[in-house]
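Here is the structure we will look at, set down as structure tokens.
The values are calculated or read from the model by the stated rules, or taken from the named source; none is laboratory data. Bear in mind the structure is a predicted one, so any value in this text is a computation, not a measurement. Don't worry about glycine lacking a Cβ; one is built from the backbone with ideal geometry, like all the others, and counts go over all protein chains shown.
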Amino acid sequence: MRIQGHLNSEKYCEILEDYVLFLQEKFPDDNFYWLQDNCPVHCSNESMMFIRLNFRGGFINHPPYSPDLNPIENVWGIVKTELKSVPKASNSDELFNQIKCIWNLVSLDNNLINNLYDSMNRRIQTCLAKQGGYTKY
């Protein structure tokens, strides 16, 4: 999904309504945990009220920037690297399409996805051992 302009609380709540609530309806017996960073849009009164009223599940506190515990940062790193190997986009539509193509290719790499998933226990243990300090992740 492409968000035109800047993400604000209203747009964020629309995204939550479209996607997160759908997942809760699709998996009514599953437990969910809410994980988001401290981005102002995520923590605004409007967003937090929407989450409290509509989300069933617990909250996990998460630092505003913690790639150690967020494997999606690795995926974005791969996308950024791959972008360097394609001609520079001449406009935002072209850039979006390039990113989308690369994202789709990366998401099909089951070995990568499984390795990132499997790394979570190591990431957590390393983070604990370093008491939240720098890790290789």
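The table below lists the values:
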read-out: Pair list, Cβ under 6 Å, 6 or more apart: region 1-15 residue of a type in the set (S, T, N, Q), other residue surrounded by 12 or more Cβ atoms within 10 Å (Cβ to Cβ); value: SER9/VAL41; SER9/SER44; SER9/GLU46; SER9/SER47
read-out: Residue, nearest to the chain's Cα centre (by Cα), within region 16-56, restricted to residues that are within 27 Å of GLN98 (Cα to Cα) and surrounded by fewer than 13 Cβ atoms within 10 Å (Cβ to Cβ); value: TYR19
read-out: Lone unmet requirement of (1) touching a residue at least 40 places away in the same chain (Cβ under 8 Å); (2) surrounded by 15 or more Cβ atoms within 10 Å (Cβ to Cβ); (3) closer than 28 Å to ASN91 by Cα for ILE78; value: (1)
read-out: Residue check for PHE55: in contact with a helix residue (DSSP H, G or I) (Cβ under 6 Å, 6 or more places away or on another chain), without any contact (Cβ under 8 Å) to a residue 60 or more places away in the chain and more than 26 Å from ASN104 (Cβ to Cβ); value: no
read-out: Count of residues meeting criterion [aliphatic (A, V, I, L, M), assigned to a loop (DSSP other than H, G, I, E, B) and within 20 Å of the chain's Cα centre (by Cα)] in region 80-137; value: 1
read-out: Extreme residue, surrounded by the most Cβ atoms within 10 Å (Cβ to Cβ), among residues of region 81-123 that are more than 20 Å from MET1 (Cβ to Cβ) and among the basic types (Lys, Arg); value: ARG123
read-out: Hits in region 26-44 (condition: at pLDDT 85 or above and outside any loop (DSSP other than H, G, I, E, B)); value: LYS26, PRO40, VAL41, HIS42, CYS43
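Results for (1) at negative phi; (2) among the aromatic types (Phe, Trp, Tyr); (3) modelled with pLDDT of 85 or more, shown as yes or no for each residue.
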residue	(1), (2), (3)
SER92	yes, no, yes
ILE102	yes, no, yes
VAL106	yes, no, yes
TYR117	yes, yes, yes
LEU128	yes, no, no
